[in-house]
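Only one structure is covered here, and it is reproduced in the block below.
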Amino acid sequence: MEGENKKYITSEELKEHNKPGDLWISIQGKVYNVSDWAKDHPGGEVPLLNLAGQDVTDAFVAYHPGSAWKYLDPFFTGYHLRDFKVSEVSKDYRKLVSEFVKMGLFEKKEHVTLYTLSSVAVMFSIVVYGVIGCSSVWAHLGAALLLGLLWMQSTYVGHDSGHYEVMSSPGYNKLAQILCGNCMTGISIAWWKWTHNAHHISCNSLDYDPDLQHIPVFAVSTRFFNSIKSCFYGRKLVFDSLSRFLISYQHFTFYPVLCFARVNLYLQTLLLLFSRRKVPDRAFNIMGILVFWVWFPLLISSLPNWGERVMFVLASFAVCSIQHLQFCLNHFSADVYEGPPNGNDWFEKQTGGTLDISCSSWMDWFFGGLQFQLEHHLFPRLPRAQLRKISPLVIDLCKKHNLPYRSLTFVEANLWTLKTLRTAALQARNLSNPSSQNLLWEAFNTHG
(Lines give C-alpha, C1' and ligand atoms only; values in the text may rest on other atoms or scores of the structure.)
Protein backbone atom coordinates (compact mmCIF):
# COMPACT_ATOMS: atom_id res chain seq x y z
CA MET A 1 0.00 0.00 0.00
CA GLU A 2 2.88 2.29 0.81
CA GLY A 3 4.36 1.78 -2.67
CA GLU A 4 1.06 2.83 -4.30
CA ASN A 5 1.19 6.21 -2.57
CA LYS A 6 4.68 7.04 -3.75
CA LYS A 7 5.18 9.82 -6.26
CA TYR A 8 7.53 9.14 -9.15
CA ILE A 9 9.52 11.01 -11.77
CA THR A 10 11.65 9.57 -14.55
CA SER A 11 15.38 10.01 -15.10
CA GLU A 12 14.61 12.28 -18.03
CA GLU A 13 12.49 14.53 -15.82
CA LEU A 14 15.24 14.56 -13.18
CA LYS A 15 17.74 15.75 -15.81
CA GLU A 16 15.73 18.95 -16.25
CA HIS A 17 16.78 20.04 -12.74
CA ASN A 18 20.49 20.41 -13.47
CA LYS A 19 21.44 24.04 -12.94
CA PRO A 20 22.09 26.57 -10.17
CA GLY A 21 18.82 27.43 -8.43
CA ASP A 22 17.17 24.27 -9.75
CA LEU A 23 19.44 21.44 -8.64
CA TRP A 24 18.00 18.00 -7.91
CA ILE A 25 19.83 14.74 -7.36
CA SER A 26 18.83 11.16 -6.65
CA ILE A 27 20.36 8.91 -3.99
CA GLN A 28 19.18 5.31 -3.78
CA GLY A 29 16.23 6.24 -5.98
CA LYS A 30 14.99 9.04 -3.68
CA VAL A 31 15.01 12.52 -5.21
CA TYR A 32 16.42 15.48 -3.26
CA ASN A 33 16.26 19.22 -3.95
CA VAL A 34 19.60 20.75 -2.94
CA SER A 35 19.18 24.00 -4.88
CA ASP A 36 19.40 26.33 -1.89
CA TRP A 37 21.88 24.22 0.07
CA ALA A 38 24.45 23.66 -2.70
CA LYS A 39 26.51 26.73 -1.77
CA ASP A 40 26.77 25.47 1.82
CA HIS A 41 27.87 21.98 0.79
CA PRO A 42 31.13 21.21 2.68
CA GLY A 43 32.64 19.82 -0.50
CA GLY A 44 31.72 22.94 -2.47
CA GLU A 45 29.05 23.64 -5.05
CA VAL A 46 31.02 22.32 -8.03
CA PRO A 47 30.61 18.56 -7.35
CA LEU A 48 26.84 18.96 -7.00
CA LEU A 49 26.58 21.01 -10.19
CA ASN A 50 28.67 18.49 -12.11
CA LEU A 51 26.37 15.63 -11.08
CA ALA A 52 23.10 17.60 -11.07
CA GLY A 53 20.00 15.92 -12.45
CA GLN A 54 21.37 12.40 -11.94
CA ASP A 55 21.45 9.53 -9.49
CA VAL A 56 24.64 10.12 -7.48
CA THR A 57 24.53 7.18 -5.06
CA ASP A 58 28.04 5.88 -5.78
CA ALA A 59 29.62 9.32 -5.42
CA PHE A 60 27.66 9.92 -2.20
CA VAL A 61 28.78 6.59 -0.76
CA ALA A 62 32.38 7.32 -1.73
CA TYR A 63 32.58 10.75 -0.10
CA HIS A 64 30.31 10.52 2.92
CA PRO A 65 30.33 8.43 6.10
CA GLY A 66 27.20 6.57 7.17
CA SER A 67 26.31 9.40 9.53
CA ALA A 68 25.62 11.68 6.55
CA TRP A 69 22.47 9.83 5.49
CA LYS A 70 20.41 11.33 8.33
CA TYR A 71 20.97 14.83 6.97
CA LEU A 72 19.23 14.06 3.66
CA ASP A 73 15.63 14.01 4.90
CA PRO A 74 15.04 17.81 4.86
CA PHE A 75 15.89 17.89 1.16
CA PHE A 76 13.60 15.01 0.11
CA THR A 77 11.12 16.16 -2.56
CA GLY A 78 8.67 13.34 -1.99
CA TYR A 79 9.55 11.88 -5.38
CA HIS A 80 11.19 8.58 -6.20
CA LEU A 81 12.95 7.66 -9.42
CA ARG A 82 10.65 5.42 -11.43
CA ASP A 83 13.36 3.88 -13.61
CA PHE A 84 15.97 3.60 -10.86
CA LYS A 85 18.39 0.76 -11.56
CA VAL A 86 21.67 -0.32 -10.03
CA SER A 87 24.34 -1.85 -12.25
CA GLU A 88 26.18 -5.00 -11.23
CA VAL A 89 29.40 -2.99 -10.92
CA SER A 90 27.76 -0.52 -8.55
CA LYS A 91 26.27 -3.33 -6.47
CA ASP A 92 29.70 -4.88 -6.00
CA TYR A 93 31.29 -1.48 -5.30
CA ARG A 94 28.75 -0.59 -2.61
CA LYS A 95 29.12 -4.04 -1.09
CA LEU A 96 32.88 -3.50 -0.87
CA VAL A 97 32.37 -0.13 0.83
CA SER A 98 30.02 -1.79 3.32
CA GLU A 99 32.59 -4.49 4.06
CA PHE A 100 35.30 -1.88 4.68
CA VAL A 101 32.97 -0.09 7.11
CA LYS A 102 32.32 -3.32 9.02
CA MET A 103 36.07 -3.98 9.16
CA GLY A 104 36.62 -0.49 10.54
CA LEU A 105 39.13 0.38 7.81
CA PHE A 106 37.92 3.98 7.52
CA GLU A 107 38.89 4.55 11.16
CA LYS A 108 42.27 2.77 11.13
CA LYS A 109 44.73 5.58 10.39
CA GLU A 110 47.71 3.94 12.12
CA HIS A 111 49.42 7.13 13.34
CA VAL A 112 50.56 8.04 9.81
CA THR A 113 49.75 11.71 10.39
CA LEU A 114 51.68 11.79 13.68
CA TYR A 115 54.76 10.30 12.05
CA THR A 116 54.52 12.60 9.03
CA LEU A 117 54.02 15.76 11.08
CA SER A 118 56.94 14.77 13.31
CA SER A 119 59.16 14.24 10.29
CA VAL A 120 58.06 17.61 8.85
CA ALA A 121 58.96 19.35 12.13
CA VAL A 122 62.36 17.66 12.22
CA MET A 123 63.07 18.46 8.57
CA PHE A 124 62.05 22.09 9.04
CA SER A 125 64.45 22.42 11.98
CA ILE A 126 67.27 20.94 9.93
CA VAL A 127 66.48 23.25 7.00
CA VAL A 128 66.57 26.33 9.20
CA TYR A 129 69.82 25.20 10.85
CA GLY A 130 71.34 24.35 7.47
CA VAL A 131 70.67 27.87 6.20
CA ILE A 132 71.35 29.94 9.31
CA GLY A 133 73.81 27.79 11.23
CA CYS A 134 76.05 26.64 8.38
CA SER A 135 78.18 28.64 5.99
CA SER A 136 78.94 25.86 3.49
CA VAL A 137 77.27 26.12 0.10
CA TRP A 138 76.81 22.33 0.20
CA ALA A 139 74.93 22.61 3.48
CA HIS A 140 72.71 25.24 1.89
CA LEU A 141 72.09 23.00 -1.12
CA GLY A 142 71.27 20.08 1.18
CA ALA A 143 68.81 22.28 3.09
CA ALA A 144 67.12 23.25 -0.18
CA LEU A 145 66.76 19.61 -1.23
CA LEU A 146 65.36 18.73 2.18
CA LEU A 147 62.88 21.60 1.98
CA GLY A 148 61.53 20.18 -1.27
CA LEU A 149 60.99 16.82 0.44
CA LEU A 150 59.39 18.60 3.40
CA TRP A 151 56.90 20.29 1.07
CA MET A 152 55.98 16.92 -0.40
CA GLN A 153 55.31 15.33 2.99
CA SER A 154 53.43 18.35 4.29
CA THR A 155 51.25 18.33 1.19
CA TYR A 156 50.34 14.69 1.81
CA VAL A 157 49.02 15.60 5.27
CA GLY A 158 47.05 18.48 3.76
CA HIS A 159 45.66 16.12 1.14
CA ASP A 160 44.69 13.48 3.68
CA SER A 161 43.03 16.01 5.99
CA GLY A 162 40.97 17.28 3.07
CA HIS A 163 39.49 13.83 2.49
CA TYR A 164 38.97 12.61 6.05
CA GLU A 165 39.70 13.63 9.62
CA VAL A 166 43.34 12.97 10.43
CA MET A 167 43.08 14.69 13.82
CA SER A 168 40.94 14.12 16.89
CA SER A 169 38.31 16.74 16.03
CA PRO A 170 37.12 18.83 13.05
CA GLY A 171 38.72 21.93 14.58
CA TYR A 172 42.14 20.33 14.88
CA ASN A 173 41.71 18.85 11.42
CA LYS A 174 41.15 22.34 9.99
CA LEU A 175 44.18 23.57 11.89
CA ALA A 176 46.27 20.78 10.34
CA GLN A 177 45.06 21.82 6.89
CA ILE A 178 46.04 25.45 7.37
CA LEU A 179 49.42 24.63 8.95
CA CYS A 180 50.46 21.95 6.46
CA GLY A 181 48.99 23.63 3.42
CA ASN A 182 48.92 27.40 3.73
CA CYS A 183 51.62 28.03 6.35
CA MET A 184 54.15 25.42 5.30
CA THR A 185 53.74 25.18 1.51
CA GLY A 186 52.16 28.52 0.56
CA ILE A 187 49.32 26.76 -1.25
CA SER A 188 45.80 27.37 0.05
CA ILE A 189 43.77 24.43 1.29
CA ALA A 190 40.69 26.33 0.05
CA TRP A 191 42.12 26.37 -3.48
CA TRP A 192 43.02 22.69 -3.20
CA LYS A 193 39.51 21.68 -2.06
CA TRP A 194 37.92 23.73 -4.83
CA THR A 195 39.92 22.09 -7.62
CA HIS A 196 40.52 18.68 -6.09
CA ASN A 197 36.88 17.84 -5.40
CA ALA A 198 36.03 18.77 -8.99
CA HIS A 199 38.88 16.54 -10.18
CA HIS A 200 37.65 13.54 -8.21
CA ILE A 201 34.05 13.90 -9.34
CA SER A 202 34.93 14.55 -13.01
CA CYS A 203 38.05 12.43 -13.25
CA ASN A 204 39.69 13.01 -16.65
CA SER A 205 36.81 14.90 -18.24
CA LEU A 206 38.52 17.32 -20.62
CA ASP A 207 36.03 20.12 -19.98
CA TYR A 208 35.14 19.45 -16.31
CA ASP A 209 38.37 18.25 -14.69
CA PRO A 210 40.66 21.23 -13.92
CA ASP A 211 43.65 18.93 -13.47
CA LEU A 212 43.76 18.33 -17.23
CA GLN A 213 43.24 21.94 -18.28
CA HIS A 214 46.75 23.30 -18.82
CA ILE A 215 46.38 25.26 -22.05
CA PRO A 216 48.54 26.93 -23.38
CA VAL A 217 51.39 24.84 -21.90
CA PHE A 218 50.18 21.22 -22.06
CA ALA A 219 47.44 19.30 -23.87
CA VAL A 220 46.86 15.59 -23.27
CA SER A 221 44.35 15.30 -26.11
CA THR A 222 43.99 16.86 -29.54
CA ARG A 223 40.42 17.74 -28.62
CA PHE A 224 41.86 20.72 -26.77
CA PHE A 225 42.80 22.08 -30.21
CA ASN A 226 39.10 22.88 -30.72
CA SER A 227 39.29 25.55 -27.97
CA ILE A 228 36.80 23.71 -25.78
CA LYS A 229 35.10 25.51 -22.91
CA SER A 230 36.20 24.75 -19.38
CA CYS A 231 33.03 24.18 -17.38
CA PHE A 232 35.12 24.47 -14.23
CA TYR A 233 36.64 27.88 -14.94
CA GLY A 234 33.68 29.07 -17.01
CA ARG A 235 35.80 30.23 -19.95
CA LYS A 236 37.07 28.97 -23.27
CA LEU A 237 40.49 27.31 -23.30
CA VAL A 238 41.72 29.13 -26.39
CA PHE A 239 44.08 27.18 -28.59
CA ASP A 240 45.94 29.97 -30.36
CA SER A 241 49.31 30.30 -32.07
CA LEU A 242 51.12 30.50 -28.73
CA SER A 243 49.39 27.34 -27.49
CA ARG A 244 50.23 25.56 -30.72
CA PHE A 245 53.91 26.51 -30.43
CA LEU A 246 54.25 25.51 -26.77
CA ILE A 247 52.32 22.25 -27.13
CA SER A 248 54.34 21.30 -30.20
CA TYR A 249 57.33 20.85 -27.88
CA GLN A 250 55.54 19.78 -24.70
CA HIS A 251 57.24 16.38 -24.55
CA PHE A 252 60.56 18.27 -24.31
CA THR A 253 59.40 21.01 -21.94
CA PHE A 254 57.38 18.73 -19.64
CA TYR A 255 60.02 18.19 -16.94
CA PRO A 256 61.47 21.73 -16.97
CA VAL A 257 57.99 23.23 -16.65
CA LEU A 258 57.21 20.97 -13.69
CA CYS A 259 60.21 22.41 -11.87
CA PHE A 260 58.40 25.76 -11.80
CA ALA A 261 54.88 24.39 -11.28
CA ARG A 262 54.78 25.78 -7.76
CA VAL A 263 54.85 29.32 -9.12
CA ASN A 264 51.54 28.66 -10.84
CA LEU A 265 50.09 27.18 -7.65
CA TYR A 266 51.10 30.26 -5.68
CA LEU A 267 49.42 32.44 -8.30
CA GLN A 268 46.25 30.32 -8.36
CA THR A 269 46.05 30.53 -4.57
CA LEU A 270 46.23 34.33 -4.58
CA LEU A 271 43.74 34.64 -7.43
CA LEU A 272 41.18 32.57 -5.53
CA LEU A 273 41.67 34.10 -2.09
CA PHE A 274 41.34 37.65 -3.40
CA SER A 275 38.51 36.92 -5.84
CA ARG A 276 34.80 37.57 -5.38
CA ARG A 277 34.12 33.85 -5.25
CA LYS A 278 32.79 32.47 -1.97
CA VAL A 279 35.80 30.98 -0.18
CA PRO A 280 35.30 29.02 3.05
CA ASP A 281 37.50 30.29 5.89
CA ARG A 282 38.95 32.99 3.65
CA ALA A 283 40.50 34.92 6.56
CA PHE A 284 42.25 31.84 8.00
CA ASN A 285 43.52 30.92 4.54
CA ILE A 286 44.93 34.39 3.95
CA MET A 287 46.57 34.42 7.39
CA GLY A 288 48.18 31.06 6.64
CA ILE A 289 49.51 32.29 3.30
CA LEU A 290 50.94 35.38 5.00
CA VAL A 291 52.83 33.12 7.42
CA PHE A 292 54.45 31.34 4.48
CA TRP A 293 55.37 34.58 2.73
CA VAL A 294 57.06 35.76 5.92
CA TRP A 295 59.22 32.75 6.81
CA PHE A 296 60.16 31.65 3.27
CA PRO A 297 61.58 35.02 2.07
CA LEU A 298 63.29 35.52 5.45
CA LEU A 299 64.93 32.11 5.13
CA ILE A 300 66.14 32.87 1.61
CA SER A 301 67.41 36.30 2.61
CA SER A 302 69.61 34.65 5.26
CA LEU A 303 71.76 33.13 2.50
CA PRO A 304 74.98 35.07 1.82
CA ASN A 305 74.49 36.03 -1.83
CA TRP A 306 72.01 36.04 -4.71
CA GLY A 307 73.68 33.11 -6.41
CA GLU A 308 72.97 30.83 -3.47
CA ARG A 309 69.48 32.24 -3.07
CA VAL A 310 68.60 31.37 -6.66
CA MET A 311 70.21 27.95 -6.22
CA PHE A 312 68.18 27.35 -3.04
CA VAL A 313 64.85 28.19 -4.65
CA LEU A 314 65.53 26.19 -7.81
CA ALA A 315 66.76 23.14 -5.91
CA SER A 316 63.79 23.08 -3.53
CA PHE A 317 61.36 23.54 -6.43
CA ALA A 318 63.09 20.78 -8.44
CA VAL A 319 62.77 18.22 -5.64
CA CYS A 320 59.11 19.06 -5.04
CA SER A 321 58.44 18.77 -8.78
CA ILE A 322 58.56 15.00 -8.24
CA GLN A 323 55.20 15.33 -6.52
CA HIS A 324 53.79 17.41 -9.38
CA LEU A 325 55.11 14.75 -11.74
CA GLN A 326 53.36 12.02 -9.78
CA PHE A 327 50.00 13.74 -10.15
CA CYS A 328 50.55 13.95 -13.91
CA LEU A 329 51.63 10.30 -14.21
CA ASN A 330 48.44 9.17 -12.47
CA HIS A 331 46.18 10.74 -15.11
CA PHE A 332 47.81 12.23 -18.21
CA SER A 333 48.05 8.96 -20.16
CA ALA A 334 44.78 7.48 -18.88
CA ASP A 335 41.45 7.57 -20.75
CA VAL A 336 39.77 10.95 -21.24
CA TYR A 337 36.28 12.02 -22.28
CA GLU A 338 34.23 15.15 -22.88
CA GLY A 339 31.13 16.17 -21.00
CA PRO A 340 29.96 16.00 -17.39
CA PRO A 341 30.50 12.90 -15.27
CA ASN A 342 27.73 10.31 -15.24
CA GLY A 343 26.57 9.14 -11.84
CA ASN A 344 25.66 5.73 -13.27
CA ASP A 345 29.21 4.79 -14.28
CA TRP A 346 31.16 6.09 -11.29
CA PHE A 347 33.32 2.98 -10.93
CA GLU A 348 34.02 2.73 -14.65
CA LYS A 349 35.08 6.37 -14.99
CA GLN A 350 37.50 6.07 -12.08
CA THR A 351 39.14 2.94 -13.47
CA GLY A 352 39.42 4.49 -16.93
CA GLY A 353 40.87 7.79 -15.73
CA THR A 354 43.60 6.61 -13.36
CA LEU A 355 46.94 4.81 -13.36
CA ASP A 356 48.67 3.28 -10.35
CA ILE A 357 52.42 3.44 -9.78
CA SER A 358 53.85 0.16 -8.51
CA CYS A 359 56.52 0.36 -5.83
CA SER A 360 57.78 -1.48 -2.78
CA SER A 361 55.94 -0.94 0.51
CA TRP A 362 58.93 0.87 2.00
CA MET A 363 58.37 3.62 -0.60
CA ASP A 364 54.77 4.29 0.45
CA TRP A 365 55.92 7.22 2.60
CA PHE A 366 57.56 8.86 -0.41
CA PHE A 367 54.45 8.68 -2.62
CA GLY A 368 52.05 9.45 0.23
CA GLY A 369 49.81 6.53 -0.71
CA LEU A 370 48.84 8.22 -3.96
CA GLN A 371 50.66 5.59 -6.00
CA PHE A 372 47.43 3.65 -5.35
CA GLN A 373 45.55 6.25 -7.34
CA LEU A 374 42.60 4.09 -8.38
CA GLU A 375 42.11 2.81 -4.86
CA HIS A 376 42.21 6.39 -3.59
CA HIS A 377 39.70 7.58 -6.18
CA LEU A 378 37.28 4.76 -5.41
CA PHE A 379 37.61 5.15 -1.64
CA PRO A 380 38.75 8.76 -1.02
CA ARG A 381 37.89 8.60 2.69
CA LEU A 382 40.07 5.54 3.24
CA PRO A 383 43.28 6.32 5.18
CA ARG A 384 46.37 5.87 3.04
CA ALA A 385 47.66 3.18 5.42
CA GLN A 386 44.87 0.90 4.14
CA LEU A 387 45.26 1.42 0.39
CA ARG A 388 47.88 -1.29 -0.16
CA LYS A 389 45.77 -3.76 1.83
CA ILE A 390 42.61 -3.29 -0.21
CA SER A 391 44.37 -3.16 -3.59
CA PRO A 392 43.93 -6.93 -4.30
CA LEU A 393 40.16 -6.57 -3.77
CA VAL A 394 40.02 -3.71 -6.28
CA ILE A 395 42.03 -5.76 -8.78
CA ASP A 396 39.59 -8.67 -8.40
CA LEU A 397 36.58 -6.40 -8.89
CA CYS A 398 38.10 -4.90 -12.05
CA LYS A 399 38.79 -8.38 -13.42
CA LYS A 400 35.26 -9.52 -12.62
CA HIS A 401 33.73 -6.67 -14.65
CA ASN A 402 36.40 -6.55 -17.35
CA LEU A 403 37.55 -3.05 -16.38
CA PRO A 404 41.13 -1.74 -16.64
CA TYR A 405 43.47 -1.87 -13.68
CA ARG A 406 46.75 -0.36 -14.79
CA SER A 407 49.72 -0.45 -12.46
CA LEU A 408 53.01 0.70 -14.00
CA THR A 409 56.51 1.16 -12.70
CA PHE A 410 57.65 4.75 -12.24
CA VAL A 411 59.72 4.54 -15.43
CA GLU A 412 56.87 2.99 -17.44
CA ALA A 413 54.44 5.66 -16.25
CA ASN A 414 56.86 8.37 -17.39
CA LEU A 415 57.19 6.75 -20.81
CA TRP A 416 53.41 6.48 -21.20
CA THR A 417 52.98 10.13 -20.26
CA LEU A 418 55.70 11.30 -22.64
CA LYS A 419 54.13 9.24 -25.44
CA THR A 420 50.76 10.90 -24.80
CA LEU A 421 52.33 14.36 -24.84
CA ARG A 422 54.36 13.58 -27.96
CA THR A 423 51.27 12.33 -29.82
CA ALA A 424 49.45 15.61 -29.21
CA ALA A 425 52.61 17.63 -29.90
CA LEU A 426 53.13 16.12 -33.33
CA GLN A 427 49.52 16.73 -34.26
CA ALA A 428 49.77 20.36 -33.09
CA ARG A 429 52.58 20.83 -35.60
CA ASN A 430 50.48 19.15 -38.26
CA LEU A 431 47.34 21.29 -38.10
CA SER A 432 47.82 22.52 -41.63
CA ASN A 433 46.95 19.04 -42.94
CA PRO A 434 43.57 18.43 -44.60
CA SER A 435 40.78 17.98 -42.09
CA SER A 436 40.17 14.39 -43.15
CA GLN A 437 43.72 13.46 -42.21
CA ASN A 438 43.33 15.26 -38.88
CA LEU A 439 40.16 13.29 -38.17
CA LEU A 440 41.98 10.04 -38.94
CA TRP A 441 44.77 11.01 -36.56
CA GLU A 442 42.19 11.86 -33.89
CA ALA A 443 40.50 8.50 -34.33
CA PHE A 444 43.71 6.58 -33.72
CA ASN A 445 45.34 8.71 -31.04
CA THR A 446 42.63 10.09 -28.73
CA HIS A 447 42.16 8.31 -25.42
CA GLY A 448 38.69 7.48 -24.18
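Just a few scattered comments:
- In this structure, residue 248 does not satisfy being farther than 22 Å from residue 119 by Cβ, touching a Cys at 6+ places or on another chain (Cβ under 9 Å) and crowded, with 18+ Cβ neighbours inside 10 Å.
- Residue match in the range 164-172 (condition: surrounded by 19 or more Cβ atoms within 10 Å (Cβ to Cβ), touching a residue at least 40 places away in the same chain (Cβ under 8 Å) and in the same structural domain as residue 319 (by the TED database)): yes
- Filter pass, residue 61 being open to solvent by less than 20 Å² (accessible area, probe 1.4 Å) and either in a loop (DSSP other than H, G, I, E, B) or β-branched (Val, Ile, Thr) (or both): no
- Top-ranked residue of the range 208-230 - restricted to ones that are part of a loop (DSSP other than H, G, I, E, B) and more than 23 Å from residue 414 (Cα to Cα), ranked as farthest from the chain's Cα centre (by Cα): 227
- Residue in the range 264-286 that is farthest from the chain's Cα centre (by Cα), counting only those that are assigned to a helix (DSSP H, G or I) and free of Cβ contacts under 8 Å to residues at least 12 places away in the same chain: 283
- Enumeration of residues in the range 260-287 that are over 17 Å from residue 211 (Cα atoms), surrounded by 13 or more Cβ atoms within 10 Å (Cβ to Cβ) and of a type outside the set (Lys, Arg): 270, 273, 279, 280, 281, 284, 285, 286, 287
- Any hit, the range 3-23, residues being aliphatic (A, V, I, L, M), touching a helix residue (DSSP H, G or I) at 6+ places or on another chain (Cβ under 9 Å) and either surrounded by 14 or more Cβ atoms within 10 Å (Cβ to Cβ) or not assigned by the TED database to the domain that holds residue 277 (or both): yes
- Residues of the range 250-270 classified as under 15 Å from residue 217 (Cα atoms) and either not hydrophobic (A, V, I, L, M, F, W, C) or not assigned by the TED database to the domain that holds residue 196 (or both), total: 7
- Selection of the range 394-423 for residues being basic (Lys, Arg) and within 20 Å of residue 212 (Cα to Cα) yields 406, 419, 422.
- The listed residue being without any contact (Cβ under 8 Å) to a residue 12 or more places away in the chain and open to solvent by 10 Å² or more (accessible area, probe 1.4 Å), out of 149, 141, 145, 114: 114
- Residue match in the range 66-86 (condition: in a loop (DSSP other than H, G, I, E, B), within 21 Å of residue 202 (Cβ to Cβ) and open to solvent by 20 Å² or more (accessible area, probe 1.4 Å)): no
Each row is one residue, and each column tells you yes or no for (1) of a type in the set (Asp, Glu); (2) within 16 Å of the chain's Cα centre (by Cα); (3) open to solvent by 10 Å² or more (accessible area, probe 1.4 Å).
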| residue | (1), (2), (3) |
| --- | --- |
| 338 | yes, no, yes |
| 355 | no, yes, no |
| 361 | no, no, yes |
| 387 | no, no, no |
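- The lone exception for residue 326 - which of (1) open to solvent by less than 10 Å² (accessible area, probe 1.4 Å); (2) more than 26 Å from residue 101 (Cα to Cα); (3) part of a helix (DSSP H, G or I); (4) touching a residue at least 60 places away in the same chain (Cβ under 8 Å) it fails: (4)
- Residue match in the range 152-172 (condition: closer than 25 Å to residue 315 by Cα, touching a Cys at 6+ places or on another chain (Cβ under 6 Å) and not aliphatic (A, V, I, L, M)): yes
- For the range 144-184, a residue qualifies if it is in a helix (DSSP H, G or I) and hydroxyl-bearing (Ser, Thr, Tyr), and the qualifying residues are 154, 155, 156, 161, 172.
- Cβ-Cβ under 6 Å pairs, at least 6 apart or on other chains, the range 411-439 side open to solvent by 40 Å² or more (accessible area, probe 1.4 Å), far side modelled with pLDDT of 95 or more and in a helix (DSSP H, G or I): 418/251; 422/251; 429/248
The values are calculated or read from the model by the stated rules, or taken from the named source; none is laboratory data. If you're wondering where the values come from, they're calculated on a predicted model, not measured in any experiment. Virtual Cβ from ideal backbone geometry, glycine too; neighbours counted across all protein chains shown. Accessible surface is based on the protein model in full, side chains and every heavy atom, while ligands, DNA and RNA are left aside. Shrake-Rupley method; radii C 1.70, N 1.55, O 1.52, S 1.80 Å.
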